Amino acid sequence: MLIRRRRGWEIPESRATPEAAFLDRRRVLAAGLAGAGSLALGGFVFDRTPKDLPDFAEGDPSRGLYPAPRAMRYRLDREVTAERFPVTHNNFYEFGSSKNVWEPAQKMPTRPWEIRIDGMVEQERTVGIDDLLKVVTLEERLYRFRCVEAWAMAVPWTGFPMKALVEFAKPLASAKYVRMETFNRPEVSSGQRQSPWYPWPYVEGLTIEEATNDLTLMATGVYGKPMPRQNGAPLRLIVPWKYGFKSVKSIVRFSFTDQRPKSFWETIQASEYGFWANVNPKVPHPRWSQATEELIGTQGTRVPTQMFNGYGDFVAGLYKDREGEKLWM
Ligand SMILES: Nc1nc2c(c(=O)[nH]1)N[C@H]1C(S)=C(S)[C@@H](COP(=O)(O)O)O[C@H]1N2
Ligand SMILES: [Mo]
């Protein structure tokens, strides 16, 4: 293992995992370390980034579907982030609370991968990922992506509109929300084993209107290849106008419901991570500003955060009748 000075985009440990701050404190107490320890790395990080990226999609049976044609409608105001950053700088608590989870994530089997569709639907059903991929059309979209921790990237996701998944599921008219769940498998998830106090499984939710918005993508790949495990293989959500924690990874269940789902992060700390979580530069997180964001892979370049992460034309209408609700965090 190599210890070296952090690069510009690697914010110090104390700021790098604010989403984990509460739980880290609990873990320190639980371990009887009386508030010490967790910051011992100071300004240093362990670099687990390989020089040459491994073939993260080795053996993936869906390989032949990539690369998919790019949808030119989704334009960026910045360069696409170099591939090595988004595939080695991740948030995926199932494999630990640091950003260096790509290696442990390789332990996650992605086949067979069964997806349960249940709740307020015409007929509950289970579908395998490869059967689902046969009935949808993949496309590539360049999206900005903004983590609540004030770092951002620009990524070529491949996937299909979530609208197609909703049509496939045939929800009843009474369904108002879709609740999405990540796998719960402590035998493959070091995070679930080592941090049993987290409210596993990871859960997120959207209104049906959000889920069927043109922007909302079920992502199955990135950089013209099947999705690496650390980015949420084989199926994850991408909602680019919301903070990144809404974009739940490695989904195994979609439940249609008339009750607003309570997410993983909302269960942990509702005052900081709410249901709506739309990006807004003017509404600070209780512990830091959201006015600017650091572009990963650029030696610390910061740019202004945009309202709805720059996607207001697509989504502002969704919230017209929701004034007074806590739409921004
Ligand atoms: N199941 C699951 N999904 C998750 C997370 C997680 O810890 N577990 N982290 C979220 C957060 S905070 C972010 S910023 C994005 C990161 O996605 P990336 O690693 O592909 O950049 O995934 C989101 N989806
Ligand atoms: Mo995040």
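Points to keep in mind about this one:
A quick yes/no check of all residues on (1) farther than 17 Å from Tyr223 by Cβ; (2) part of a helix (DSSP H, G or I); (3) among the acidic types (Asp, Glu):
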site: Arg75; (1), (2), (3): yes, no, no
site: Pro86; (1), (2), (3): no, no, no
site: Asn91; (1), (2), (3): yes, no, no
site: Glu94; (1), (2), (3): yes, yes, yes
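- Selection count, segment 278-297, where residues are of a type in the set (A, V, I, L, M) and either outside any loop (DSSP other than H, G, I, E, B) or near ligand 1 (Cβ under 10 Å from one of its atoms) (or both): 2
- In segment 75-86, the residues that are without any contact (Cβ under 8 Å) to a residue 40 or more places away in the chain and of a type in the set (S, T, N, Q) never reach a residue that is part of a loop (DSSP other than H, G, I, E, B) and open to solvent by less than 60 Å² (accessible area, probe 1.4 Å) with C-beta atoms less than 9 angstrom apart, at least six apart or across chains.
- Helices (runs of 4 or more DSSP H) within segment 126-239 that include 1 or more residues touching a residue at least 60 places away in the same chain (Cβ under 8 Å), out of contact with any Asp or Glu (no Cβ under 8 Å at 6 or more places or on another chain) and open to solvent by 10 Å² or more (accessible area, probe 1.4 Å): 129-134, 190-194, 208-211
- Test: residue in segment 253-260 that is surrounded by fewer than 21 Cβ atoms within 10 Å (Cβ to Cβ), under 29 Å from Thr220 (Cβ atoms) and touching an Asp or Glu at 6+ places or on another chain (Cβ under 6 Å): yes
- Within segment 70-100, the only residue that satisfies the criterion of being within 9 Å of ligand 1 (Cβ to nearest atom), closer than 17 Å to Pro156 by Cβ and among the polar types (S, T, N, Q) is Asn90.
- Some residue of segment 241-258 being assigned to a strand (DSSP E or B) and aromatic (Phe, Trp, Tyr): yes
- Residue within segment 308-329 that is over 30 Å from Trp113 (Cβ atoms) and hydroxyl-bearing (Ser, Thr, Tyr) present: yes
The values are calculated or read from the model by the stated rules, or taken from the named source; none is laboratory data. Predicted, not measured: the structure shown is a model, and the values here were computed from it. Every residue, glycine as well, gets a Cβ built from its backbone with ideal geometry; the counts of neighbours run over all protein chains shown. Calculation scope for accessible area: heavy atoms of the full protein, side chains included, ligands and nucleic acids excluded. Shrake-Rupley method; radii C 1.70, N 1.55, O 1.52, S 1.80 Å.
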